[in-house]
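Student: Dumping the structure here so I can ask a few things about it.
The values are calculated or read from the model by the stated rules, or taken from the named source; none is laboratory data. Note that this is a predicted model, so its numbers are computed, not measured. Positions of Cβ are backbone-derived with ideal geometry, glycine not excepted, and every protein chain shown enters the neighbour counts. In case anyone asks, the SASA skips ligands and DNA or RNA and just uses the protein heavy atoms, side chains included. Shrake-Rupley method; radii C 1.70, N 1.55, O 1.52, S 1.80 Å.
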Amino acid sequence: MKKTVHLTAILLLLATFLVACRSSTVSETSTSAESEKKMITVGFSQLGAESDWRSTNTDSMLEALSKENGYTLIYKNGQQKQANQVTALRMFIQQDVDYIVLAPETETGWDFVLKEAKDAGIPVIIVDRRVDVEDRSLYSCWVGSDFELEGTKMAAWIHEYTQFKGIADEDVHIAHIQGTLGSTAQLGRTRGLQNAAREYGWNILAQESGDFTEVRGKEVMSSFLRQYDNINIVYCENDNEAIGAISAIEAFGKKVGPDIENGEIMVVSFDGINQDAMQYLREGKISCIAECNPLHGPRVQALIEMLEKGEEPEKYNYVAETLFSSVSEIKSITVGDKTYDVDIVK
Ligand code: GZL
């Protein structure tokens, strides 16, 4: 009897030991499986490095799509040339990445390369500006700003201000420094201004692209000042252009500020990222900045994670944005049936 008890005890001990080994093996296996969780390979084609907005956007993307977050990122900067971006996309396709993220310079010319990505079974996410393609199934989704709303809100702010100051619409003479022609940001912000100018009878004296850069903004503004002596508002499509324009206005011996009736030239802008521009806003050199939020990294990461889970994100994902102004009298603006508060910056 005793022998049987002993044998049973030994067998029980052995079984317990084997189970313990197996569970540690399983846990080790599962741990190693955890640590070997598939890295997601992303090819990101950024359009360039033309502005503070762009650099902040790039930083946000690289921070979100990091190794620590489970991504292998292949980052290519297009240096403001669509051809470079097309080459980068073809390289990503060749490397059979899991996802392509594209920040396109301008809207057209993407049909062929996005078709190649689709044929290779690689989902494409568009970020910031839009692509204008025949077949919208060539990309999974887009995330960015409503640029026409940005422009429409800025125009509404200008109208609120000139009405408040008793300035007649026919006495509003605007110099318009556009962004990169054909980019969604330029198309939308320009439409917002042009629609308002047509509605109110404002006079757009001059319109030219400053390519979203400070250097070109200064050159274009200098040229406008040599041609027109009645400019009272400058509508810059980003902060870098606004900084260049202010430099040109002051070099020309004129004063920037909201006091139009006393000969100042009012400057308005878009983005709200450049620290010099925000300081100009506090000083009143820039009267209003329409926010354009560049922090798309976490937004793109969330879209990829949805796609990874087989979920279908919204096709178009818009970012909510505000207006910043140092003109405390204008506390809100109305666009259609919606009212937007203005963030007063002091
Ligand atoms: C807007 C973005 C624009 C910024 C500029 O989302 O595409 O491009 O407004 C940037 O500053 O250069």
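Student: Which residues, counting only those in region 284-334, are among the hydroxyl-bearing types (Ser, Thr, Tyr) and assigned to a loop (DSSP other than H, G, I, E, B)?
Tutor: Ser287, Thr322, Ser326, Ser328 - these are the residues of region 284-334 that are among the hydroxyl-bearing types (Ser, Thr, Tyr) and assigned to a loop (DSSP other than H, G, I, E, B).
Student: Give the residue, chosen from Asn84, Asn57, that is in contact with an Asp or Glu (Cβ under 7 Å, 6 or more places away or on another chain), closer than 30 Å to Ala242 by Cα and modelled with pLDDT of 95 or more.
Tutor: Result of the check over Asn84, Asn57: Asn57.
Student: Kindly evaluate Glu199 against the criterion of being in contact with a His (Cβ under 9 Å, 6 or more places away or on another chain) and acidic (Asp, Glu).
Tutor: For Glu199, the condition - in contact with a His (Cβ under 9 Å, 6 or more places away or on another chain) and acidic (Asp, Glu) - is met.
Student: What strands (runs of 3 or more DSSP E) completely inside region 30-125 contain at least 1 residues that are buried (at least 21 other Cβ atoms within 10 Å of the Cβ) and either in contact (Cβ under 8 Å) with a residue 24 or more places away in the chain or within 16 Å of the ligand (Cβ to nearest atom) (or both)?
Tutor: The strands (runs of 3 or more DSSP E) meeting that bar are 40-46, 99-102.
Student: Same structure again: Taking the condition of being hydroxyl-bearing (Ser, Thr, Tyr) and not in a loop (DSSP other than H, G, I, E, B), how many residues in region 153-199 meet it?
Tutor: The total comes to 4.
For (1) closer than 16 Å to Ser326 by Cα; (2) aromatic (Phe, Trp, Tyr); (3) within 16 Å of the ligand (Cβ to nearest atom), each residue gets a yes or a no:
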{"position": "Asp211", "(1), (2), (3)": "no, no, yes"}
{"position": "Val215", "(1), (2), (3)": "no, no, yes"}
{"position": "Met221", "(1), (2), (3)": "no, no, no"}
{"position": "Ala245", "(1), (2), (3)": "no, no, yes"}
{"position": "Ile249", "(1), (2), (3)": "no, no, no"}
{"position": "Val256", "(1), (2), (3)": "yes, no, no"}
{"position": "Ile265", "(1), (2), (3)": "yes, no, no"}
{"position": "Met278", "(1), (2), (3)": "yes, no, yes"}
{"position": "Arg282", "(1), (2), (3)": "yes, no, no"}
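Student: Let me ask another. Report, ordered by the first and then the second residue, all pairs with beta carbons closer than 8 Å, sequence separation of six or more or different chains, a first member in region 203-222 that is in a helix (DSSP H, G or I), and a second member that is of a type in the set (D, E, K, R) and open to solvent by less than 50 Å² (accessible area, probe 1.4 Å).
Tutor: The qualifying pairs are Glu214/Glu241; Arg216/Glu241; Gly217/Glu241; Val220/Glu241.
Student: Further question: For region 315-325, state whether one or more residues are open to solvent by 10 Å² or more (accessible area, probe 1.4 Å), under 24 Å from Leu65 (Cβ atoms) and among the acidic types (Asp, Glu).
Tutor: Within region 315-325 (the criterion being open to solvent by 10 Å² or more (accessible area, probe 1.4 Å), under 24 Å from Leu65 (Cβ atoms) and among the acidic types (Asp, Glu)), the answer is yes, since at least one residue qualifies.
Student: A further question on this structure: From the list Glu291, Glu312, Glu241, exactly one residue is of a type in the set (Asp, Glu) and surrounded by fewer than 17 Cβ atoms within 10 Å (Cβ to Cβ). Which is it?
Tutor: When all the criteria are applied, what remains is Glu312.
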